[in-house]
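Here the structure is laid out as structure tokens; the discussion comes afterwards.
The values are calculated or read from the model by the stated rules, or taken from the named source; none is laboratory data. All figures in this text were calculated on a predicted structure; none of them were measured in a lab. As a convention, Cβ positions derive from the backbone with ideal geometry for all residues, glycine included, and neighbour counts pool all protein chains shown.
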Ligand code: GLA
């Protein structure tokens, strides 16, 4: 089978992720790229609004997000609205040519709401009701909260649905954080209904949750409870269903608001800002189907000196959620944040490099939290586009430079990214894998996925993320670094991919459980044993700091930590064996040939360096060519509908590099980004 798909070919619909965004210019009325910030002018007297708009124009701001924290100002008493200030603000922005992403304020209900409806507060697992005086939504299952959200959203939709300033609607803020679950009485009842809908009978619930173990059999619906504190570890299958339910309960809140806005503001796209890789509470494959434009917030982890790799991961994941279509970077920071332990300020140039890294990976907008630094409140030490130091500052000068760069890059808008390599990513599997009482706490979904991603990143290969049940047929190589939970449909999908010519690499502790977190008949990796040609007889995790050695048939010696497995080889070639450790002589890396494809199994948690050899073999078999770009220099590509290619060379090193791209020379200064455009049909090579 041939796997020919160049980046200039639009993805077939079957390859798109579930993102509903299908337009190549996603924000109506915006000619170029979106550039701006969360704008919270409630904090300032009106003179400052005028200065703000003046500075926004100086910086090249094209869009701001407003209203997200305005509920108490918009509805100071239940059912009484005060919108004069917002009318004026929208008019002011409109006159200045600044588009508005209008937020619904449902992530911060007013004090009167909590006083009137104390039962609507979020209740945590320990049964503590969380009070007002901060932010974070009320209980998503609370009828009073849902009703209040609908009322304020309807008011906004009716009043501003056709206001000429409005470019987008921005529902809520970061669903899933800080509240990803609530254990209130309403939530308990809601969960019971959800369980009834999912399983239909108590017998089916008992079966799915394996309640026969530890005598947990449920005899009546009243006994179906969320995972409240228990003396010992709680039933893991119920915990997994609780995560699914919590995701659904919160998603229902979004959908209710979105539907009102679709009704009252037709043609204006609705989004809500995700945290693709940084908040695992929400199953974003489900969410991405429900938004008109995918948008995402990303903040660097200051403690990680190579945090630009995680940034790339997050941006690739977001592009994948959008099905390859453009998306909006809704928030990031101009410099340090204020909520990490040590909030490192960004170095000169770093903000631009971060911004263009997102842009290169498909963002059609670069937005920040927030426009002007707050004088009071919890985030007064968070950086902003206008810092406390004012406009005569390095940060503001860099903001203005970025604004000008984005104006120059306007032709990039609407172009798309894609890849020949896919990594399987599934929030449900992550939730299940990271539950307590697993063979080793050291093997985690995030770390496994990130190491495999970083190997590809260092090898300069573009990556999409896909759900394990998605169509894989266009990918030359598919990686499953952490597929602990695999449905039967996903297992069949992987088999189909391999036998029709695919190259699949599977990581340790994969194919272990079904969607109920139950081990299948047939062994610890029954879902994949035939495909991989190996059966896992036993997991053999290592002690903390323990290291064991793997010898490969290619002559490599690899040290591994954390994890080994005792494999029975059924029908596969052994590519590496353990030299010592719990299973000396046992198979550690295998390859099976199936149909016209191949499936590798890595029964250890190999380091980023250790993955190098096996990935190199897979690249060769998959026809993926090596890159000779310098280390820590990225070349990222977006392709327009007419085949024009926009190339971004991103230099994360302290030296200048010179790249040759199909006859043209591109200098990329230390820590900078250089861009070039290749007209349709011209081929590009790098040296
Ligand atoms: C989140 C929120 C913002 C702000 C930033 C600070 O992303 O959405 O309101 O609190 O964090 O980094």
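Okay, here's what the table says:
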item: Count - residues of the stretch 325-345 that are more than 13 Å from the ligand (Cβ to nearest atom) and surrounded by fewer than 24 Cβ atoms within 10 Å (Cβ to Cβ); result: 4
item: Residue within the stretch 595-606 that is more than 25 Å from residue 444 (Cα to Cα), part of a strand (DSSP E or B), more than 28 Å from the chain's Cα centre (by Cα) and modelled with pLDDT of 95 or more present; result: yes
item: Selection count, the stretch 268-290, where residues are touching a strand residue (DSSP E or B) at 6+ places or on another chain (Cβ under 7 Å) and either assigned to a helix (DSSP H, G or I) or more than 16 Å from the ligand (Cβ to nearest atom) (or both); result: 5
item: Any chance residue 502 is at negative phi and in contact with a strand residue (DSSP E or B) (Cβ under 7 Å, 6 or more places away or on another chain); result: yes
item: Complete set of residues in the stretch 357-389 that are in contact (Cβ under 8 Å) with a residue 60 or more places away in the chain, within 14 Å of the ligand (Cβ to nearest atom) and over 18 Å from residue 56 (Cβ atoms); result: 377, 378
item: In the stretch 595-608, the residues that are in contact with a helix residue (DSSP H, G or I) (Cβ under 9 Å, 6 or more places away or on another chain) and either buried (at least 20 other Cβ atoms within 10 Å of the Cβ) or without any contact (Cβ under 8 Å) to a residue 40 or more places away in the chain (or both); result: 597, 598, 599, 600, 601, 602, 605, 606
item: The stretch 557-573, residues that are surrounded by fewer than 17 Cβ atoms within 10 Å (Cβ to Cβ) and within 21 Å of residue 532 (Cβ to Cβ); result: 568, 569, 570, 571, 573
item: Of the criteria (1) more than 32 Å from the chain's Cα centre (by Cα); (2) closer than 25 Å to residue 503 by Cβ, which one residue 521 fails; result: (2)
item: Considering residues of the stretch 32-66 that are assigned to a loop (DSSP other than H, G, I, E, B), in contact (Cβ under 8 Å) with a residue 60 or more places away in the chain and farther than 19 Å from residue 355 by Cβ only, the residue farthest from the ligand (Cβ to nearest atom); result: 44
item: Test result for residue 300, in contact with a helix residue (DSSP H, G or I) (Cβ under 8 Å, 6 or more places away or on another chain), assigned to a loop (DSSP other than H, G, I, E, B) and within 14 Å of the ligand (Cβ to nearest atom); result: yes
item: Helices (runs of 4 or more DSSP H) wholly inside the stretch 115-213 that include at least 2 residues being within 16 Å of the ligand (Cβ to nearest atom), over 30 Å from residue 520 (Cβ atoms) and touching a residue at least 40 places away in the same chain (Cβ under 8 Å); result: none
item: Residue in the stretch 215-228 that is within 23 Å of residue 433 (Cβ to Cβ), away from the ligand (no atom under 16 Å from the Cβ) and assigned to a helix (DSSP H, G or I) present; result: no
item: Yes/no for residue 102 being over 29 Å from the mean Cα position of the chain (by Cα), surrounded by 23 or more Cβ atoms within 10 Å (Cβ to Cβ) and either free of Cβ contacts under 8 Å to residues at least 24 places away in the same chain or on the phi < 0 side of the Ramachandran plot (or both); result: no
item: Long-range neighbours under 6 Å by Cβ, at least six apart or interchain, first residue outside any loop (DSSP other than H, G, I, E, B) within the stretch 331-348, second near the ligand (Cβ under 9 Å from one of its atoms); result: 331/297; 331/369
item: Any chance residue 407 is closer than 30 Å to residue 510 by Cα, more than 16 Å from the ligand (Cβ to nearest atom), in contact (Cβ under 8 Å) with a residue 40 or more places away in the chain and not in a strand (DSSP E or B); result: no
